[in-house]
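Below is one structure; the comments refer to it alone.
The values are calculated or read from the model by the stated rules, or taken from the named source; none is laboratory data. Just so you know, these numbers come straight off a predicted model, no measurement behind them. Every residue, glycine among them, receives a Cβ derived from its backbone with ideal geometry; neighbour counts consider all protein chains shown. These area figures cover heavy atoms from the full protein model, side chains too; ligands, DNA and RNA do not enter into them. Shrake-Rupley method; radii C 1.70, N 1.55, O 1.52, S 1.80 Å.
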Amino acid sequence: MVLIRPRLTDCFDIPICQEDADFAIPFLDEDIPFYLDPFLLWRSPSMVDTSLHAMLVNSFNYLGFLVKKGKEKTAREILIKASECNEVGLGFSGTRHGHRIGTETANEILSLFSLILQITKNGFTHFEEIQLYVDQISKDRISDITCTYLKSWIIDYTIDQCKKLGIPTFDITLDNIYDEKKNVFKREGVKLPRNPQDKRPVLLVPKRWLRWVPWISCDNYIKDYFVEKVTGGKEKLSKIEILNFNRHNYGVVQVYIKQKEKTQSDCHNDPLFKPIPIISAKRKFSSIEKLPTGKTDSADKKYEDYICQLLSSLLYPHLDFAAEQVRTVSGVQIRDLIFYNTRSEKFLQDIHEKYGNKQLVFELKNVRTIERENIAQLNRYMANDFGKFGILVTRNPLSKAMFKNTIDLWSGQRRCIIALTDQEIELMVNVYESKQRLPIEVIKAKYIEFSRACPV
């Protein structure tokens, strides 16, 4: 069975939704578009997190100690090794495989311990400050350096989560595990989950450490601080010019850092998925009601866009949204929504057991009436890539003949295709607003209705 945008838990048939997981569930063939923000560890009420942050900063400042001792080569080797952590799969890479910094960038970072007197004397309190002095250092690099220095703890955390959930682990020899007592990287044999596609090890990262953009970031510094409070918007400088200015005006940067510390109560981890507000859901359904069926004025594209935005929110957290995709059948483009079957509800567990669905496909049809070929197209798609359960999202109820066609499919091939119409989508939006029930119960009701119509 082919999985769309496969995740580690889905490949090993572990029934858990992202909302219930303590960690960000990793994809197998792409990065999670979030970053580990060391500031979240610094401001955390957890002694574990604050201790890890202290270890992180001490380890980074050890590079300055090496520079003072004339051991720039050793410091450079450590920094380059620390600059990439592929095992965590954070960022925007489409391959889960990044690259380390080069010698020139490493030397520029290490030069800060010599060029800036205050850093020479006291080191860094927030090492992510380096992005305010050095070009080519941004949120992905800060995240990777943090992950590498904390890798030993992340390994233990991963092993613990795998034991709790039953995720298989394998004997793996892992490089670049930092020993903060000896300040060296070492190689260790550990038991970790691995990507079933390429057999590479996978590390799990707590959700509480993740943000879209680090609290201290160069873009934020330039846009919300430097332009507004340093130049007053009167002078336009390039990024390189601003970085050079910072290296010669340490006090200016520290005012920004202190401001970020004072507003730490506003710094929180970002949700991995944020459902749309109730009022937005109601507006989108209102827009759907006004659309004609067919393709007039791109009504089909608009319908598909609205449904995608609605269902991904209405069904969260019981179904995690995987992807939307477009496929072509007989010259006609068909748009589908794919959800991970997290089996968070009993009927979803039934669908997994009876029909073999690790993922659910919703095929979108902005047509007045569903025809036999529409059902046949979804049936063929299910046969090739999914289990034997699928959902047609369309405007009007199936005719008696088409409903009988779905029943005949069940009788002959034990396949289940149900339809969600404007009426059901409206009900889901109303339930989403009232919070008295769950929108996914509307799908459950349609499934029960279909099951009762099937011959015994």
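Identify the residue in segment 62-71 that is closer than 12 Å to residue 114 by Cα and touching a residue at least 40 places away in the same chain (Cβ under 8 Å) and, among all such residues, is surrounded by the most Cβ atoms within 10 Å (Cβ to Cβ).
Within segment 62-71, the subset closer than 12 Å to residue 114 by Cα is 63-70.
From what's left, touching a residue at least 40 places away in the same chain (Cβ under 8 Å): 63-64, 67-68.
Working: 63: 26, 64: 20, 67: 19, 68: 13.
Residue satisfying both the conditions and the ranking: 63.
If you go through segment 213-254, how many residues are loosely packed, with under 14 Cβ neighbours inside 10 Å and among the aromatic types (Phe, Trp, Tyr)?
The total comes to 0.
Tell me, please, whether a residue that is open to solvent by 40 Å² or more (accessible area, probe 1.4 Å), under 16 Å from residue 83 (Cβ atoms) and of a type outside the set (A, V, I, L, M, F, W, C) can be found in segment 173-186.
There is at least one residue in segment 173-186 that is open to solvent by 40 Å² or more (accessible area, probe 1.4 Å), under 16 Å from residue 83 (Cβ atoms) and of a type outside the set (A, V, I, L, M, F, W, C).
Given the options 172, 159, name the one that is part of a strand (DSSP E or B), in contact with a strand residue (DSSP E or B) (Cβ under 9 Å, 6 or more places away or on another chain) and of a type outside the set (D, E, K, R). Before you say what the answer is, go through the steps one by one.
Numbers: 159 fails: part of a strand (DSSP E or B).
Only one candidate qualifies: 172.
Within segment 111-151, work out how many residues are open to solvent by less than 50 Å² (accessible area, probe 1.4 Å) and in a helix (DSSP H, G or I).
Looking only at that region, the number is 21.
Where the second residue is assigned to a loop (DSSP other than H, G, I, E, B) and aliphatic (A, V, I, L, M) and the first is open to solvent by less than 20 Å² (accessible area, probe 1.4 Å) and lies in segment 350-374, which pairs have Cβ atoms under 8 Å and are six or more apart or on separate chains?
359/3; 359/4; 360/319; 366/291; 370/398
Would segment 75-87 turn up any residue that is of a type in the set (Gly, Ala, Ser) and open to solvent by 60 Å² or more (accessible area, probe 1.4 Å)? Spell out the reasoning first.
At the first step, the residues of segment 75-87 found to be of a type in the set (Gly, Ala, Ser) are 75, 82-83.
This time we only want the ones that are open to solvent by 60 Å² or more (accessible area, probe 1.4 Å), so: none.
Within segment 75-87 (the criterion being of a type in the set (Gly, Ala, Ser) and open to solvent by 60 Å² or more (accessible area, probe 1.4 Å)), the answer is no, since none of the residues qualifies.
Taking segment 20-45 as the search range and keeping residues that are open to solvent by less than 30 Å² (accessible area, probe 1.4 Å) and among the charged types (D, E, K, R), which one is farthest from residue 84 (Cα to Cα)?
Filtering first and then ranking leaves 37.
Does residue 394 fit the bill of being more than 35 Å from the chain's Cα centre (by Cα) and of a type in the set (Val, Ile, Thr)? Give the derivation first.
Values: more than 35 Å from the chain's Cα centre (by Cα): no; of a type in the set (Val, Ile, Thr): yes.
Judged against the criteria, residue 394 is not a match.
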